[in-house]
Structures are given as C-alpha cells and as structure tokens.
Amino acid sequence: MEDASVRETASRPRGRFAVRPLHAWFFVVAVAAVAADQVTKAIIRGWGEQGEILAEFGPLRIIHVTNSGAAFGMFQDAGPLLIITSIVGMTAILVYLFNPGFAQPLMRLGLALMLGGAIGNLIDRLHAGEVVDFIKVPNFPAFNLADSCITIGVLVMIWAMLREEAKRTDAENS
C-alpha cells in the first residue's frame, strides 16, 4: 500500500512551472471549446438571417443575433478595447496555468474552458468586429457557446477553490 505522503509528493508539481506533458488535456479542452464555438456560430450564420428565430424548445430559443459589445450588451462598439481586454485575459489564464497553485485538475479544467471561450469570442471580434450570439432564454440576453464556456469555467474554478479550502480546513481541524 502506498504511503499518503508519497502520493502527495508524486502529484505535487515540481520546479517552477506546473505544466507537464501529462497535462496536455488542458490544451485539448481549450481547442475543443474553440472548435465547438466556431462550428455552432458558422451553423447559425449559415442557417438564418440576423434576428431570425431558428428554433424553439419551450422557453429556449435559437436566434441569430450579433453583439459588438461585451457580456449583456455592455460596451457596445468598443471593439479595440474588448480585443485588448481579451488578450490580457488570455495571458492571465496562461500565467495561472503555469502557477503551481493552479495545478489541480478542476482548476485546470476551469482555466481551459475560460481560455477556449475567450479565444472563440476573440476570433469573432477580429474577423467581424462582433460576436454571434444565438442562445436565448427568457429575461436574459442572448449568448453563445464561448460565453457558456467562460461562465462554466469560472464556476468550476470557484468550486475547485472552495473544495481546496474545505480540504485545508478539514486537515487543520483533524
């Protein structure tokens, strides 16, 4: 039977950088998020005209709309600022990726989803100056798969941090 301290040492990142070939799945998740986002946006662009409701599933609507601003329609027509902000955010994600404190798989998953979502929306901004949004639920602005990846990534990161804090608290109280 393996000693717990040996397992902990083996799983802990060594050295200054926390990224190892073992963690290549991070980039696979990020690329998959970008690909899924871009494919769904291409389908929406080819499927219907701007403003057209393409499908309805109860309260959920698939509608072709564009947004030249940030989340919830803020900062309309602030393309250059949003491009710079996206690049800064993606750089921060990559810095955190190399930080040993973010080496836990759940934190890496959250970072990968956020990076994929940021790249997906950045591609739209660079290509067309606006992003394609197509998922609409009542009482909420339309959004896209990239926005969903960013939101889910943030929630996964929060969950991972809360789990780590709970583990630390349990260990201190034991």
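Provide the gained length on full extension for the span Ala55 to Leu155, in nm with one decimal, where the gain is 0.36 nm per separating residue minus the Cα-Cα distance. Could you put the intermediate results ahead of the total?
Details: separation 100, 0.36 × 100 = 36.00 nm, distance 2.81 nm.
Value of the extension gain: 33.2 nm.
With a ≥ b ≥ c taken as the square roots of the eigenvalues of the C-alpha gyration tensor of region 44-160, please select rounded if a/c is under 1.5 and otherwise prolate if a/b is larger than b/c or oblate if it is not?
Because a/c hits 1.5 or more and a/b fails to exceed b/c, region 44-160 counts as oblate.
Quote the accessible area belonging to Ser148 in square angstrom, nearest 10, computed with a 1.4 Å probe and with ligands, DNA and RNA left uncounted.
Solvent-accessible area, nearest 10 Å²: 20 Å².
Rounded to the nearest 10 Å², what accessible area does Thr66 show when all protein chains are kept and the probe is 1.4 Å?
In the full protein context, Thr66 sits at about 50 Å².
Once label points are set 7 Å from the Cα along Cα→Cβ at both Val88 and Leu106, what is their separation, rounded to one decimal in nm?
3.0
Under 5 Å between amide H atoms, partner at least 5 residues away or on a different chain: which partners does Ile63 have, H built in plane at 1.01 Å?
Sorted by chain and number, the residues that satisfy this are Leu54, Ile135, Lys136.
The values are calculated or read from the model by the stated rules, or taken from the named source; none is laboratory data. Quantities reported herein were computed from a predicted structural model and do not represent experimental measurements. Virtual Cβ from ideal backbone geometry, glycine too; neighbours counted across all protein chains shown. Remember, those area values only see protein heavy atoms, side chains included, never the ligands or the DNA or RNA. Shrake-Rupley method; radii C 1.70, N 1.55, O 1.52, S 1.80 Å.
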